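Asks: The structure's right below; bear with me while I get my questions together.
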């Protein structure tokens, strides 16, 4: 039985299944189904970006410069704060760490309750330990977050094959 579950226990397979579920909910949301694509996008983010990755695959992706990622069609995050001004958010790895920390500490907000991803901006904030002021804020529309998840998981998958 363990052999059959091994794929699910691997972060690659878990991420692929998370992306598959996200695509299903996005498609169902186009119809009259009572699903919540924005909620599923954040759930997919957990399975694709936040959960740990095999080090060899993630190692290559995390070094990708954000400017290069944007040039390759990755969506651009709207970022502000002292970390951005001091040039401490230069690559995908820096961004992922801040997103992970924001999610882990419950510092994720939405500007709308709409079920339509293009109508919702998701804001992630990072607070230094012991501070009540954020040092990084990243905002991205939920539909662009879907694209970010697709690009990220695709890059990791490409580096694992």
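Asks: Return the label of the correct value of percent of Cα pairs over 22 Å apart, as calculated from the structure shown, out of [x] 47; [y] 44; [z] 51.
Replies: It is the value labelled [y].
Asks: May I pose another question? Hey, what did the chain get for relative contact order, percent, Cα under 8 Å, at least 6 apart?
Replies: Details: 212 pairs, mean separation 41.7, N = 161.
RCO, the chain: 26 percent.
Asks: Would you calculate a helix-derived [θ] at 222 nm for the chain, using -39,500 (n - 2.57) for each DSSP H run of n ≥ 4 and dividing by the full residue count, to the nearest 500? Provide the component values of the computation, followed by the final result.
Replies: Numbers: 8 runs with 87 residues, N = 161.
It comes out at -16500 deg cm²/dmol, rounded to the nearest 500.
Asks: For a quick check, take a GNM of the chain with Cα springs below 10 Å and name the residue from 49, 84, 61 with the largest mean-square fluctuation.
Replies: 84
Asks: What is the distance, in nm, between label points placed 7 Å from the Cα along the Cα-to-Cβ direction at residue 28 and at residue 82?
Replies: Label-label distance for residue 28 and residue 82, simple model: 4.4 nm.
Asks: Using a Gaussian network model of the chain whose springs link C-alpha atoms within less than 10 Å, name the residue from 34, 101, 132 with the highest mean-square fluctuation.
Replies: Comparing 34, 101, 132 in a Gaussian network model of the chain, the most mobile one is 132.
Bear in mind these aren't lab numbers, they're just calculated from the coordinates by the rules spelled out. For clarity, every value in this text was computed on a predicted model and none was experimentally measured. Ideal geometry is used to build each Cβ from the backbone, glycine not excepted, and the neighbour counts take in all protein chains shown.
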